[in-house]
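One structure is given below, encoded as structure tokens.
Just so you know, all these numbers are worked out from the coordinates, no wet-lab data involved. All values derive from a computational prediction rather than experimental measurement. Methodologically, a virtual Cβ is constructed for each residue, glycine included, from the backbone with ideal geometry; neighbour enumeration extends over all protein chains shown.
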Amino acid sequence: MQSAQRGRVFALLLGVLAVLAGLAAVRGGFDFAKHETDMLHLVDIVLRLADGERIHQDFMTPLGLWSVAPFALLTSAGLGLGDALKWGQIGLAALLFLPAWYVAVSRMRATWLGVAFGAAVMLLAAGLVYGGTDAKLSLSMHYNRWAWAVVFLPLALVVLPAERRVFWAEALIIGAAMAALTLIKATYFVAFAPAVVLGLLVRKEARLLGAAVLVGLAVLAVQTLFCGLGFWQAYVGDLLAVAASDVRPQPGKGWAQVMLSPAYAAGTLLAVGSVLWLRSKAKDNPAGLVLALMLPGAIYVSYQNYGNDPIWLVLWGIVLLVLARELRSLQIWGAVALALIAPVAVNVGFSPVRHITQPRAAFEPVLPSDNSLRGVTARFENPSGVWPLGEDDGSCKLHGGAVGYMRAMARTLEAEGHAGKRVYAAGLFNTFWLFADFEPLKGGAPWYYGGLPGIEDAELFVLPECSLKPEFKELVMREISARQIKLEPVYQDENMAVFQPQNASH
């Protein structure tokens, strides 16, 4: 790009960032309309970190520290939880602004393609839906969007030839981005590291690869300096525990379905076809081979993510349109790729606008101590009658009103004189401490991945009558039996049975 073009791309991308910040400022707090349990999971982790707990070491989660650190830092600084969640995303978009601009002006050739790439990165960082086509807002699975935004940077640098290069800028972007992936969601690093490494080698960029590795190791060394080696040991332990768990082998469709089912086959076939076309028409251009290296990781990440959205098609389409300058037939391939992912991309892109147009009267605070994070009142109402009662074997499945159900149980326990205690609840998550005067479990898990994390610290054990995942409740009871933990009855009503756990064997 010429100097004037680079300036235009900079100004236009700065305008995108300014619009995102302006939309965030228009409406205070954050109002969400779906995935309450995922939001409680996020809130649990953020508040634990803001209170000084250490991720992985004081509680269990496979998510990396950087996936929640911006939220926790802003909450610690005094922002309300809803504002911290919203502005944490804007902060990430601002952090990615200059790297996205550099990639755009060094690789995209046309102004509009550079702006499209940079805007895609920032919108993935600041969107208010995980993806999909459901317009209701939530920060559920936000870390998937963040990881896509980050990984687009090194992938674009590796796939596309450089028109203008600053060596250490590229080493910094590639190395820091790959290090960031390990601390946001390690799946992305595992899936795309082969494409980045082999892609650089295919392009005869061994020196750049070495510099990027040094940058990445330096970033991880700084993280270790602040958190110690115990952080990594605990992080790897959490990842291995979740990988070995039968509780959640995959959050959506199976591998074969994500590749070749009617919903996804068009994208897969387009990717394979465009690679073959590139290799046959431009044999000297390594882009086709690098894209081929990227495809397995892209499909794997889509398979592993909730919703299975093939977000990689956004980058794939832009890359093909850039390469169409030398091979015009790729314009059709690129346009089709973008058309296939357009419904998801539009949903993410317009989500900040939808946030300010939602009716305020429909929302109420989720937590008693913070009115900046609000959910739809109708979804929080008393759960009585919201879910169908099951048989007497404890298989009752909660279909709605999860927040109201947790609130009711927490208030009952508080009224029964158990305030200040640490509570283990059998099922998907333990959030009593968010709704009343209770303490979070040391070593607990904000989301259930198997085992009995935190049971040694529990003063009360709660067996809910109904559960979002009755099978998880049954797994917990099997673990209780296997460990020979005695449960002394304390209290029972129509919502729950409460026990005092004793004699946990390890």
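Pairs over the 19 Å Cα-Cα cut-off, from the set LYS136/LYS469; LYS421/LYS473; LYS204/LYS283; LYS421/LYS442; LYS34/LYS86: LYS136/LYS469; LYS421/LYS473. Sorting LYS421, LYS283 from the fewest to the most surrounding beta carbons within 10 angstrom yields LYS283, LYS421. Bridge orientation summary for segment 340-496: considering DSSP beta bridges with both residues in this region, about 50 percent are antiparallel. Its relative contact order, with pairs defined as Cα atoms under 8 Å and 6+ residues apart, puts segment 3-355 at 21 percent.
When averaged across all projection directions, what area in nm² does the alpha-carbon convex hull of segment 264-348 cover? Write down the numbers at each step before the final one.
Details: hull surface 20.5 nm².
If you wrap the Cα atoms of segment 264-348 in a convex hull and average its projections, you get 5.1 nm².
For helix 265-281, what angle does its Cα long axis make with the longest principal axis of the chain, in degrees from 0 to 90 and rounded to 10? On a 0 to 90 degree scale, this one is about 20.
Computed from Cα positions, the angle between helix 36-50 and the longest principal axis of the chain comes to roughly 90 degrees. The ranking of VAL43, VAL346, VAL202 from fewest to most other beta carbons within 10 Å of each one's beta carbon is VAL346, VAL202, VAL43.
Assign one of three labels to segment 402-502, namely rounded, prolate or oblate, based on the Cα gyration tensor with a ≥ b ≥ c the square roots of its eigenvalues; rounded applies when a/c is under 1.5, prolate when it is not and a/b is larger than b/c, and oblate otherwise. The partial results should precede the final answer.
Working: a/c = 1.35, a/b = 1.26, b/c = 1.07.
The shape class here is rounded.
Can you give me the Cα centroid spacing of segment 1-60 and segment 274-350 in angstrom? When both Cα centres are located, 26 Å separates them.
Tell me the GluC sites (Glu not before Pro) within segment 459-506 that lie in a loop according to DSSP and have at most 11 other beta-carbon atoms within 10 Å.
Values: sites: GLU459, GLU465, GLU471, GLU474, GLU479, GLU494; in loops: GLU459, GLU465, GLU494.
Listed in order of number, the matching sites are GLU494.
Let me know the volume per residue of the alpha-carbon convex hull for the chain, in Å³. Kindly include the intermediate steps, with their values, before the conclusion.
Details: hull volume 74.0 nm³, N = 506.
Normalising the Cα hull of the chain by residue number yields 146 Å³.
Report D for segment 132-246 in µm² per second (integer): Stokes-Einstein, Kirkwood Rh on Cα pairs, 25 °C, 0.890 mPa s. Could the numbers behind the result be given before it?
Values: Rh = 15.6 Å.
Estimated diffusion coefficient is 157 µm²/s.
Placing a label point 7 Å from the Cα of VAL353 along the Cα-to-Cβ direction, the residues of segment 6-25 whose backbone N falls under 20 Å of that point are 12-25.
Pull out the extension gain between GLN492 and SER245, defined as 0.36 nm times the separation in residues minus the alpha carbon to alpha carbon distance; nm, one decimal.
Details: separation 247, 0.36 × 247 = 88.92 nm, distance 3.10 nm.
85.8 nm is the gain from fully extending GLN492 to SER245.
From Cα pairs below 8 angstrom and at least 6 apart in sequence, can you work out the relative contact order of segment 70-135, rounded to a whole percent? Don't skip to the answer; put the middle values down first.
Numbers: 49 pairs, mean separation 19.8, N = 66.
After rounding, I find 30 percent.
Exposure proxy ranking for LYS185, LYS34, based on other Cβ atoms within 10 angstrom of each Cβ and starting from the fewest, stands as LYS34, LYS185. Between the helical axis of 142-159 and the longest alpha-carbon principal axis of the chain there is an angle of about 20 degrees. The helix-based estimate of mean residue ellipticity at 222 nm for the chain, built from -39,500 (n - 2.57) per DSSP H run of four or more residues and divided by its residue count, is -19000 deg cm²/dmol to the nearest 500.
By the beta carbon rule, with partners counted only under 4.7 Å, the chain holds these lone Cys residues: CYS227. With an 8 Å Cα cut-off and a minimum separation of 6 or more residues, compute the relative contact order for segment 402-502 in percent. So the answer I get is 26 percent.
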